[in-house]
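Structure first, commentary second.
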Amino acid sequence: MKILVVEDEKELLKNIVDSLTKEHFVIESAVDFRSASDKIGLYDYDCILLDIMLPGGNGLELLEQLKQSGKADNVIIISAKDSLDDKLKGLELGADDYLTKPFHIAELNARVKAVLRRNKQDGKNTIELGNAVLDLQDRLFLVNGEPVPLNRKEFDILNYFLFNKNRLVTKTALAEHVWGDNIDQADNFDFIYYQIKNLRKKLTDSNSELEIEAVYGIGYKLVEK
Amino acid sequence: MKLLNQSIKYFSISLLIIISLWAVVFYFNMLSEIKSSVDEGLENYKRQIVYRAENDSTLLQQHTFEEGFFTIHEILQEKAMRFKDRYIDTMMYMQDADDEEPELEPVRMLTTAFEHEEKYYELSIINSMVEEDDLVKEMLWETIFLYVFLVVGIILLNNIVLRRLWKPFYDFLSQLKSYRLGNSKQLPRVETTTKEFNDLQQAVTTLLLHSIESYEHQKQFIGNASHELQTPLAIATNKLELLIEQGNLKEQDAGSISEVLEIIQRLVRLNKSLLLLTKIENKQFLDNQLISINEIAKQSCEDLEEMASFKQVTLSIVERAELKVEMDTSLAAIIVSNLLRNAVFHNHDHGSVEVVVSEQSIRIINTGHPFPLDAEKVFTRFYKSELEQGGSGLGLAIVKAICSMYGYSVVYAFEEQKHCFEIQFRS
């Protein structure tokens, strides 16, 4: 899997590259409009992370360039501007997703995985890990072929964890992903703890080989036993 | 008061003064004119009487006014020498056509002297004068009539002329009223030949162009500020997340990192809220469409369902009517979900939240702290009650800003030990 990261902020670029490297992707990067344009012209990528404000030009122009060659559908726009205009324009130009800065590493990871999954040719829409299978299409969770009933949010949480297998998912990232942003109340964390507890119980009871580990009290990590 | 009525007010007051003064001056002028004309007549009579007396000496025997309009008395020569013609106003019993019996009437009397056959005579001639009280009365009525006539005339003229003259102004004003910075594409414009209106139009256009420029700058600034702040926040968050992920941390260090991460998250939310607030106040959202508040309330309730059941708060929605309003969907969702979220979070165990959607309003009623909040301050930025911890203090300020932009009212009340927030969509 080859990914191009177009981001002019070097530190942020480094973070993204570091994180994606852990997922064993092949990463290339561009820090300005010209080099990005050159790379897009020369190579094909499975996913492109594209910043809109770039030195030397607008990211949306790159998107246009991609659209003309029919390669816009695997682009995730990364922008500091939470502007509806840009979002609409980006999605209109064929971008797959729009991620507003600042974002959590886990969120970026999940979005990249989702794009790669959507554009995969085999048509299978399941995530498999150990003896567990998560069917994204029919929203089913199977352990050893047996369905395990999950409620809507539990399914979303597990999905998020599976996209971030072996990676840290902070409580804030989880809350924002599953319950929307702006949940800034302190007792929110108790609620997440409660949800995770329920999910863990279901994972254990169904003898799955998945385990949700706590990470320093700041978040969780899904691992294979 | 409208300009039209203002001008009528000033016109009628000044006309009243002018006409009153004019009436007084006119009265005296007329009176003196009448007198001088009567005096000329008397002078003429005098000449005739003196002339006739030369032929008809019986005239000299007329000593009283009983028989005519003059009297003649003989006087001494010295007196006659010193005599000067005198015109005086006096009163005398007379009977006019409109009188039933003789009355005292004002008369004008000329007293003069003449010589006839070495003898000297004093001649008094009278002529009836206008009755001053009649004249005054007549004048008063005439003046009042003139005044009313003029005022009515001015009102009519004003209505026609001013309305026509000011039409470009009112057209311009109505265009200006509906003008929205950053939203209206066309500048207010009217065709007129009136210099003042053209000047006004030019001044307003200059001002608007300036405002548009600052507005664009501000929008740009907000965009840039957001970019500048969001990127460092993203870097900090991601760096710390990656650091924790690396592992090999002491429990204590991880704790500190997690605290810093939480502080950064607070900063992120604060920044987002402030940007949202600025955007609302700059009216940068106006993608209005007809939306159902019922749907939005149901969606918000659904989103908070698990949280509410975790907090053991019952969440119920009562739909008395279908409430449809013309507004931006995302903003509608923000106001409803902000209020609802507060209602759930600032609640106690086994408490309740009730959402009532009626024809004109949405009410969110919740149990919570057993005493009222400060209804005045609750919507101000960064207001936090003593009990509230961790919130940004901007949630309700955002609700208020959205409501004011659309002209909705949002009020807080404490009724029957419950907190109640109500948004009135129609006044």
Extreme residue, nearest to the chain's Cα centre (by Cα), among residues of the range A:139-179 that are under 24 Å from B:Ile244 (Cα atoms) and of a type in the set (Gly, Ala, Ser): A:Ala173
Lone unmet requirement of (1) more than 9 Å from chain A (Cβ to nearest Cβ); (2) outside any loop (DSSP other than H, G, I, E, B); (3) over 41 Å from the mean Cα position of the chain (by Cα) for B:Asn248: (2)
Residue within the range B:130-142 that is over 22 Å from B:Ser20 (Cβ atoms), assigned to a helix (DSSP H, G or I) and of a type in the set (Phe, Trp, Tyr) present: no
Residues (in contact with an Asp or Glu (Cβ under 6 Å, 6 or more places away or on another chain) and part of a helix (DSSP H, G or I)) located in the range A:98-115: A:Ile105, A:Arg111, A:Val115
Only listed residue being out of contact with any Gly (no Cβ under 6 Å at 6 or more places or on another chain), touching a residue at least 24 places away in the same chain (Cβ under 8 Å) and β-branched (Val, Ile, Thr), chosen from B:Val204, B:Val190: B:Val204
Every residue from the range B:257-284 that is within 8 Å of another protein chain (Cβ to nearest Cβ) and farther than 22 Å from A:Phe191 by Cβ: B:Ile257, B:Leu275
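Can you find a residue that is within 17 Å of A:Gly219 (Cβ to Cβ) and at pLDDT 85 or above anywhere in the range B:211-223? If you could, list the steps in order and put the result at the bottom.
Step one: list which residues in the range B:211-223 are within 17 Å of A:Gly219 (Cβ to Cβ), which gives none.
So far as the range B:211-223 goes, no, none of its residues is within 17 Å of A:Gly219 (Cβ to Cβ) and at pLDDT 85 or above.
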Single condition B:Ile362 does not satisfy, out of (1) at pLDDT 90 or above; (2) closer than 25 Å to B:Leu270 by Cα; (3) crowded, with 20+ Cβ neighbours inside 10 Å: (2)
Number of the condition not met by B:Gln289 [criteria: (1) in a helix (DSSP H, G or I); (2) touching a residue at least 40 places away in the same chain (Cβ under 8 Å); (3) surrounded by fewer than 17 Cβ atoms within 10 Å (Cβ to Cβ)]: (1)
Number of positions in the range B:409-424 that are acidic (Asp, Glu) and either closer than 16 Å to B:Thr367 by Cβ or over 36 Å from the mean Cα position of the chain (by Cα) (or both): 2
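Matching residues to (1) surrounded by 15 or more Cβ atoms within 10 Å (Cβ to Cβ); (2) in the same structural domain as B:Lys298 (by TED's automatic domain parsing); (3) aromatic (Phe, Trp, Tyr):
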site: B:Lys311; (1), (2), (3): yes, yes, no
site: B:Val318; (1), (2), (3): no, yes, no
site: B:Leu331; (1), (2), (3): yes, yes, no
site: B:Ser337; (1), (2), (3): yes, yes, no
site: B:Val357; (1), (2), (3): yes, yes, no
site: B:Phe382; (1), (2), (3): no, yes, yes
site: B:Gly395; (1), (2), (3): yes, yes, no
site: B:Tyr408; (1), (2), (3): yes, yes, yes
site: B:Glu415; (1), (2), (3): no, yes, no
Conditions (1) in contact with a Gly (Cβ under 7 Å, 6 or more places away or on another chain); (2) at pLDDT 90 or above: number failed by B:Asn127: (2)
Enumeration of residues in the range B:285-306 that are more than 28 Å from A:Asp156 (Cβ to Cβ) and of a type in the set (A, V, I, L, M): B:Leu286, B:Leu290
The range B:343-368: number of residues that are free of Cβ contacts under 8 Å to residues at least 60 places away in the same chain and within 14 Å of chain A (Cβ to nearest Cβ): 7
Conditions (1) among the hydroxyl-bearing types (Ser, Thr, Tyr); (2) touching a helix residue (DSSP H, G or I) at 6+ places or on another chain (Cβ under 7 Å); (3) more than 10 Å from chain A (Cβ to nearest Cβ): number failed by B:Ser178: (2)
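Please go through the range A:99-136 and pick out each residue that is touching a Gly at 6+ places or on another chain (Cβ under 9 Å) and within 14 Å of another protein chain (Cβ to nearest Cβ). Talk me through it step by step, then tell me what you get.
Narrowing the range A:99-136 to residues touching a Gly at 6+ places or on another chain (Cβ under 9 Å): A:106, A:131, A:133.
Within the range A:99-136, A:Ala106 is the sole residue that qualifies.
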The lone exception for B:Leu276 - which of (1) buried (at least 16 other Cβ atoms within 10 Å of the Cβ); (2) over 20 Å from A:Ala80 (Cα atoms) it fails: (2)
Some residue of the range B:88-109 being surrounded by 12 or more Cβ atoms within 10 Å (Cβ to Cβ), outside any helix (DSSP H, G or I), among the small types (Gly, Ala, Ser) and out of contact with any His (no Cβ under 9 Å at 6 or more places or on another chain): no
Criterion (surrounded by 10 or more Cβ atoms within 10 Å (Cβ to Cβ), farther than 30 Å from B:Leu15 by Cα and of a type outside the set (Gly, Ala, Ser)) met by exactly one of B:Glu142, B:Glu115, B:Glu131: B:Glu115
Qualifying residue in the range B:308-322 (condition: among the aromatic types (Phe, Trp, Tyr) and closer than 26 Å to B:Glu213 by Cα): no
Given (1) surrounded by 12 or more Cβ atoms within 10 Å (Cβ to Cβ); (2) under 28 Å from the mean Cα position of the chain (by Cα); (3) in contact (Cβ under 8 Å) with a residue 40 or more places away in the chain, number of the condition B:Arg180 does not satisfy: (1)
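Considering only the range B:227-257, how many residues are of a type in the set (A, V, I, L, M, F, W, C) and in contact (Cβ under 8 Å) with a residue 12 or more places away in the chain? I'd like the intermediate steps shown before the answer.
Start the filter on the range B:227-257 by keeping residues that are of a type in the set (A, V, I, L, M, F, W, C), which leaves B:229, B:233-236, B:240, B:242-244, B:249, B:254, B:257.
Retained after the next criterion (residues that are in contact (Cβ under 8 Å) with a residue 12 or more places away in the chain): B:229, B:233, B:236, B:240, B:243-244, B:257.
Count: 7.
Among the candidates B:Glu100, B:Glu132, which residue alone is among the acidic types (Asp, Glu), on the phi < 0 side of the Ramachandran plot and without any contact (Cβ under 8 Å) to a residue 12 or more places away in the chain? Before the answer, list the steps.
Numbers: B:Glu132 fails: without any contact (Cβ under 8 Å) to a residue 12 or more places away in the chain.
Result: B:Glu100 is the single residue among B:Glu100, B:Glu132 that is among the acidic types (Asp, Glu), on the phi < 0 side of the Ramachandran plot and without any contact (Cβ under 8 Å) to a residue 12 or more places away in the chain.
The values are calculated or read from the model by the stated rules, or taken from the named source; none is laboratory data. None of the values given here were measured: they were computed from a predicted structure. Glycine also receives a Cβ, built like all others from the backbone with ideal geometry; neighbour counts cover every protein chain displayed.
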